[in-house]
Each structure stands twice: as structure tokens, then as C-alpha cells.
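Read-outs: derived from the displayed coordinates by stated rules, not from any lab. Because the structure is predicted, anything quoted here is derived from the model rather than measured. Cβ sites come from the backbone with ideal geometry, for glycine too, and all protein chains shown count toward neighbours.
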Amino acid sequence: YHAKEQGHSILPYNASFNSMTPKRIALLSDLHRGIWENQLRLVYQPKVDIQSQTLVGFEALLRWQHPALGNVKPDEFIPLAESSNFIRPLTSWVLDAAFTQLRRWRDKGFNVTLAVNLSVRNLHDQGLVESIIQSMANYELPPSCLELELTETVIMSDPKLVQEVLNGLHDHGIKMSIDDFGTGYSSLVYLKRLPVSTLKVDYSFVVNMLSDEQDEIIVRSTINLAHNLGLKVIAEGVENLETLKRLGELNCDQAQGFYIGHPLEESAIEGWLNENQQWRLKEDH
Ligand code: C2E
Ligand code: MG
Ligand code: MG
Ligand code: MG
């Protein structure tokens with residue numbers, strides 16, 4: 001009476017499939033279709049320099065408009081893609097869309113950097129560095145306009161491999177930052193050795209830093225740690241002017257968050273840029 005005996009068994013029943021409920025398998029299969037049926041797009045969230053009050057670049061964030069379910073959040077479908085090999089074509093799609101956008105911006109004379117988020121699985125791709133370099137060359141983009149964001153947990157999952165891949169990217173002039181910093185367990189030894197330029201303080205510490213003393217201590221210590229290691233710091237999750245001001249007082253270099261700009265559709269970018277070519281604190285207006 002087992003499905004297998006009736007010849008219906010399509011799924012290997014092993015450990016990796018235990019977390020794959022029928023719902024998740026269906027969603028993953030929808031994602032496969034979605035990539036071909038134009039349901040994916042990137043949105044772009046600005047990053048600004050606090051002291052000079054200028055725009056430094058954007059972070060590309062993936063969006064999926066599912067035909068029946070509507071907007072599916074990346075926190076739902078990225079882990080799904082990560083648990084299968086689909087993260088590979090998905091990341092290729094993201095990089096290609098990011099390069100296309102960078103090319104368009106540069107053709108308009110707008111030279112800005114774009115950050116792309118990578119998953120740990122991407123670092124296991126033998127050809128990752130070469131394919132990024134080759135692809136950027138095809139788009140005639142200098143490697144310096146790309147930044148790659150890797151979460152702290154990614155880095156600590158396989159520090160030796162990560163260091164090797166990051167060195168390769170760094171040798172080609174690609175910038176890298178550590179995302180969600182403070183939520184994983186970074187070894188400071190690795191942190192010191194890695195060729196990253198920026199730490200991103202996780203939003204969970206930033207959103208409440210004005211009311212929660214512990215959070216402010218964590219933010220302040222992270223800023224000092226980064227600076228002592230010769231790294232820049234960006235705070236994510238900046239939702240109001242008061243937080244931005246406090247970060248400035250604490251010598252935080254850059255900021256990102258809803259107060260500065262929500263992730264923007266491509267069509268909304270030009271309007272935002274026109275209003276924010278020289279990004280200013282609202283109080284100065
Ligand atoms: P992340 O890279 O840490 O991105 C920041 C997330 O915080 C984004 O959520 C952004 O919309 C949100 N955010 C920005 N400003 C604020 C703020 O002021 N307050 C609050 N509460 N949230 C803010 P999103 O777009 O839903 O992305 C979630 C995560 O999904 C990202 O976290 C990233 O880890 C992952 N992700 C997104 N796009 C990609 C991608 O193309 N590839 C990979 N591998 N991961 C991606
Ligand atoms: Mg990120
Ligand atoms: Mg983050
Ligand atoms: Mg995050």
C-alpha cells in the first residue's frame with residue numbers, strides 16, 4: 001500500500017526533504033516558473049553617507065509577484081531556494097538584472113554603486129568569481145561599482161572557503177560588506193583577515209537604539225570595533241531623524257532605512273534621485 005510500491009514515489013525520502021512540506025515544494029516549483037514568466041524584479045534602497053549627506057549607492061532587493069499569492073517576501077522564498085540548487089540560477093538572474101540596471105544608470109551619467117546579497121551556497125560555486133568578472137566585462141562595468149553583501153552567518157559557516165572566494169573577488173576590485181552584523185557569531189580573527197570594507201549593523205539593534213540602552217551600547221561598540229579594524233560602518237533600519245542624528249554623533253559612516261528611502265521601484269528612482277541628488281537631512285531644508 002505504499003506509494004513507492006505502486007510506482008508513485010517521486011521524492012527521495014531523506015533528511016533534506018523532511019523540511020520540504022508539500023506547500024514548500026509547490027512554492028519552489030512556482031518560483032522556477034516565476035523566473036521565466038517575469039514575476040521577479042529588483043527594487044533599490046538608497047544608502048547614504050551621514051557626515052557628507054550624500055548618496056553612496058543602492059542595495060538591490062529581490063521581489064516576487066506571485067500570480068495567485070501576490071507579493072511573496074524574500075525571507076520566505078530565498079531560504080527555499082537556498083535549500084535547493086535553485087539559489088544558483090536565482091542569483092544569476094539577480095546579478096544579471098543588477099548589471100543591466102547599473103549599465104542603464106551609467107549610460108545616463110549616473111555613476112553609483114549597487115549592492116547585491118549573496119547566499120552561502122553561491123560561494124560554493126566554483127565559477128562564481130570568474131562569471132561575475134566576465135559578466136561585468138560584457139556589460140562594460142568596472143568591478144568597483146559592484147558591492148556584495150554576505151551575512152555574518154554565511155561567513156562563519158565555512159570561514160576558510162569564504163576567505164578564499166572573498167580574496168578572489170577583492171583581487172578584482174569588488175567591494176564586500178558583512179550584512180546583519182551582530183546576529184551571528186563572528187570570530188574577530190576572521191573578521192580581521194577578510195577583505196571586507198564595511199560592516200552593516202543589523203536593523204534589530206538600530207530600530208530601538210533610542211529607547212533601549214543595551215541596543216545603543218551594541219551599536220556604539222560595533223562602530224568602534226569596525227573603525228578600529230579599519231572598516232566602515234553602515235546602520236540599517238534607520239526609521240526616523242532622531243536615530244539618524246544619534247548615529248551621526250556616534251560617528252557611524254553610513255545609513256539605510258525607511259526614513260532615508262524605502263526600497264524603490266526602478267520607475268521611482270529617477271524622481272527620488274532628482275529630489276536627492278545631494279542627499280540632505282530633512283531638517284536642513
Ligand atoms: P537584508 O539584506 O538585510 O535587507 C534589509 C531588509 O530590511 C530588506 O527587507 C529591507 O526592505 C528591510 N528594511 C530596509 N529599511 C528598513 C527599515 O528602516 N526598517 C525595517 N524594519 N526594515 C527595513 P527585504 O527586502 O524583505 O529582504 C529581506 C532579506 O532577504 C534581505 O535582508 C536579504 O537577506 C534577503 N534578500 C533580498 N534580496 C535578496 C537577493 O537578491 N539575494 C539573496 N541571497 N538574498 C536576498
Ligand atoms: Mg543586505
Ligand atoms: Mg541586513
Ligand atoms: Mg537581513
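Assorted remarks:
- Local charge for residue 179 was computed over the other residues whose Cβ lies under 14 Å away, with Lys and Arg +1 and Asp and Glu -1, and equals -4.
- From most to least packed by mean Cβ count within 10 Å, the peptides 200-208, 153-161, 115-123 give 200-208, 115-123, 153-161.
- Taking 25 Å as the straight-line reach from the Cα of residue 192, the lysines in range (excluding those fewer than 8 positions away in the same chain) are 47, 160, 175, 200, 232.
- Normalised Debye scattering of the stretch 126-198 at q = 0.13, 0.18, 0.23 Å⁻¹ gives log10 I(q)/I(0) of -0.38, -0.68, -1.02, counting only Cα atoms as equal scatterers and leaving out solvent.
- When the P(r) is computed for the stretch 168-285, the part past 26 Å accounts for 27% of the Cα-Cα pairs.
- Fewest-first ranking of 164, 275, 59, using other Cβ atoms within 10 Å as the exposure measure: 275, 164, 59
- Using the empirical formula 2.2 N^0.38 Å as the baseline, the Cα radius of gyration of the stretch 73-191 reaches a ratio of 1.07.
- Straight-distance candidates among the lysines for linking to residue 23, with alpha-carbon spacing under 22 Å and chain neighbours fewer than 8 residues away dropped: 4, 73.
- Under conditions of 25 °C and 0.890 mPa s, the chain yields 120 µm² s⁻¹ as its translational diffusion coefficient, taking Rh as the Kirkwood radius over Cα pairs in the Stokes-Einstein equation.
- D (Stokes-Einstein, µm²/s), Kirkwood Cα radius, the stretch 19-91, 0.692 mPa s at 37 °C: 239
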